[in-house]
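The values are calculated or read from the model by the stated rules, or taken from the named source; none is laboratory data. From a predicted model like this one, the values you see are computed outputs, not experimental measurements. Every residue, glycine as well, gets a Cβ built from its backbone with ideal geometry; the counts of neighbours run over all protein chains shown.
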Amino acid sequence: MQGLAASWRLYGRTDGVSRGVFGVLAVLLPLLAWSAVSYLPFVWHPQVLITDPGGEDYLESGMRMNRADFSRAVTEMQAKNEPVPQGIAANPVYLPSPGEVLTAFVHAFTSSAPTGAEHSITQAFGHSIQIIFWGFLISSLIGVPLGVMCGALPGLARLVEPSVDFFRYLPAPAFGALAVAILGIYDAPKIAIIVIGTLFQQILVIANTTRKLDFALIEASRTLGAKGLKLLFRVVIPGILPDIYRDQRILLGWAWTYLIVAELIGTSSGITWFITQQARYQHFDNVYAAMAIIGIAGLGTDMVLGLLGRRFFAWKREIDG
Amino acid sequence: MTEHQLPDYRTLPADVAERMDQIRQREYVLEIDHVGKVFAQKRHQTVALEDIEFGVHRREFVCVVGPSGCGKSTLIRILAGLEETTTGRILVDGKPVNGPGPDRGMVFQKYTLFPWLDVCRNVMFGIEMGGTERAEARRQAMQWLQVVGLEQFAASFPHQLSGGMQQRVAIARALAARPRVLLMDESFSALDAQTRLKMQNYLMEIWRKIDITIVFITHDLDEAIYLADRILVLKPRPGRVEEVIEVPLSRPRRAAQMMSDEFLATKAHLEGLIRSFGGNTEETDEGADDFTMPLLTLVTDKAE
């Protein structure tokens, strides 16, 4: 209980128990709020879902309308002595209940795949992951070595970094039409957009990380006879590896933000296409399920990468405290 | 100490005089040949070192002292090859050297062990850079760890060791690369007083056992007198050799000698010298000697 109190002091020290409690609450509180809004009619429910249109000819069952409009329709019908329209309080269509989303979510994994490409969440998501994977891999294969070399070689940095800095400010979507014109309409331009969005940032970020290596370590290794490639591979790279790992985790997140753009150019595909498509049909339960999958996959990979990082680079964590 | 006259620091006891003669007959391992260093900033130049001329004999222990700004750190960085000379050159065993190299090992003030390598791999680093294969390097590294008494920590990581232990590993790492000269840049100044004394004794023990020449930079006069055969006193702005003092203490040295008349005489002389440069030693950097503290009664309410 002391830890709980300390958690609310500026820079207070928490204990394991209160960290766990907060961790559970972090998930539970938003879910509870969502459930309350969805299942307790008095909380919000600004609309009415028509179950029986009664005598009002412009109403259909399954339609949603504002409460005020509905009660006006009811009084009108009462005045005309015609059957009164029936309905239940409901939320707008864009806010499905947790249960509906969960059903859609489970359905995404259990239903047999419908015909046609990318008609299920999982297929669409699988395609997205492929785009991200190739985009990020290609970007890293160029960006990480080039960034390290820029950080270590001042001459190269002066040559490369100004133009990289220029390209970094050009929004990746601007390359969409160009990428399609050059690379066709399928996956290639999408991967190219991810690469363009990530690569330039990556070079600069990694170069900066490389420059931040404790210079005393470089000097110490020089007095021990290290130079050239040995200095690079035995001192520079092991020294910056934990920070590069951290940079890559952040950059992977950025790559995801370019996915939306990438998937809308050429032939739309992947999870973005799925979401826009489902939103057009007002299947918001599917939309939320798709979003949940992206979020869970992102959070999951980041947590796994974080755990692995702590394992690989135990020394770094202990120094940084 | 006022009751009796301190002896002249220049009169060497017989055994010390004999030892200095022996040292003088040995060849120079490290020569500083008319070295000058000018730092050029925007429009104005700072002369850090001017015409330094000095030779260090084989197996000699030389300390360099001087007030802050006398360029002693610049000097040792030049010796290590981490800084270039503006004029003059550095010779090791009579041959001019350029840039850093394994012939001049260095122990820094900061802890500079590679944090991603365990203690043994740290010590192996310099050996492997010399082209020795791994198994042999490991064997040699373990021997050096034995020399500094840390072989049971071979598998530990630097952050798991205390500051003094880290500096011992750093010494072992520098020595393992088989340097001709060991350069030490205020290597013990980050340690607490007791650890520092222990480290000084360790260092002298190691130095006695192996063929190594040591140049040790320090701003701690006690440390310089306790360790050195000769003390090089630098004068600031521009950095120049003011005096070279032969320390009148016999070896092996023990902490008790720090109370001897010879020690005190040497220290008194050094203190006088450094005060004559402007009283700007590193200890009093923050304020002049005549700084008067304002009366604090108004804020404390507790004056007598």
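Within the range B:208-224, the set of residues being out of contact with any strand residue (DSSP E or B) (no Cβ under 7 Å at 6 or more places or on another chain), within 23 Å of residue B:71 (Cβ to Cβ) and outside any loop (DSSP other than H, G, I, E, B) comprises B:222, B:223.
Identify the residue in the range B:234-252 that is part of a strand (DSSP E or B) and touching a helix residue (DSSP H, G or I) at 6+ places or on another chain (Cβ under 6 Å) and, among all such residues, is nearest to residue B:220 (Cα to Cα).
B:234
Among residues of the range A:38-58 that are without any contact (Cβ under 8 Å) to a residue 24 or more places away in the chain, those with a Cβ under 9 angstrom from a residue that is surrounded by 13 or more Cβ atoms within 10 Å (Cβ to Cβ), sequence gap 6+ or separate chain, pair up as A:42/A:89; A:43/A:37; A:58/A:73. Return a yes/no flag: does the range A:69-80 have any residue that is over 24 Å from the mean Cα position of the chain (by Cα), at negative phi and among the β-branched types (Val, Ile, Thr). Yes. Considering each residue of the range A:214-236 in turn, none proves to be assigned to a helix (DSSP H, G or I), touching a Gly at 6+ places or on another chain (Cβ under 8 Å), away from every other protein chain (no Cβ under 14 Å) and surrounded by 18 or more Cβ atoms within 10 Å (Cβ to Cβ).
Within the range A:182-202, one or more residues are under 30 Å from residue A:265 (Cβ atoms), of a type outside the set (D, E, K, R) and either outside the structural domain of residue A:145 (by TED's automatic domain parsing) or over 27 Å from the mean Cα position of the chain (by Cα) (or both). Looking at this structure, is residue B:188 crowded, with 23+ Cβ neighbours inside 10 Å and in a loop (DSSP other than H, G, I, E, B)? So residue B:188 passes the test.
Filter the strands (runs of 3 or more DSSP E) completely within the range B:10-92 down to those with at least 3 residues that are more than 14 Å from chain A (Cβ to nearest Cβ) and surrounded by 18 or more Cβ atoms within 10 Å (Cβ to Cβ).
B:28-40, B:45-57, B:61-65
Part of a strand (DSSP E or B), surrounded by fewer than 16 Cβ atoms within 10 Å (Cβ to Cβ) and either over 27 Å from the mean Cα position of the chain (by Cα) or basic (Lys, Arg) (or both): is that true of residue A:89 in this structure? Yes.
For the range B:130-142, the set of residues classified as loosely packed, with under 13 Cβ neighbours inside 10 Å and away from chain A (no Cβ under 12 Å) consists of B:133, B:134, B:135, B:136, B:139, listed by residue number. Going through (1) in contact with a Lys or Arg (Cβ under 8 Å, 6 or more places away or on another chain); (2) under 24 Å from residue B:120 (Cβ atoms) one by one, residue B:157 falls short only on (1). From B:161, B:117, which residue is closer than 24 Å to residue A:215 by Cβ, within 10 Å of chain A (Cβ to nearest Cβ) and not polar (S, T, N, Q)? Step by step, each of B:161, B:117 is checked, and only B:117 is closer than 24 Å to residue A:215 by Cβ, within 10 Å of chain A (Cβ to nearest Cβ) and not polar (S, T, N, Q).
A residue that is out of contact with any strand residue (DSSP E or B) (no Cβ under 6 Å at 6 or more places or on another chain) and away from chain A (no Cβ under 14 Å) cannot be found anywhere in the range B:172-179. Checked against the criteria, residue A:288 does not count as touching a Gly at 6+ places or on another chain (Cβ under 7 Å) and either within 14 Å of chain B (Cβ to nearest Cβ) or not β-branched (Val, Ile, Thr) (or both).
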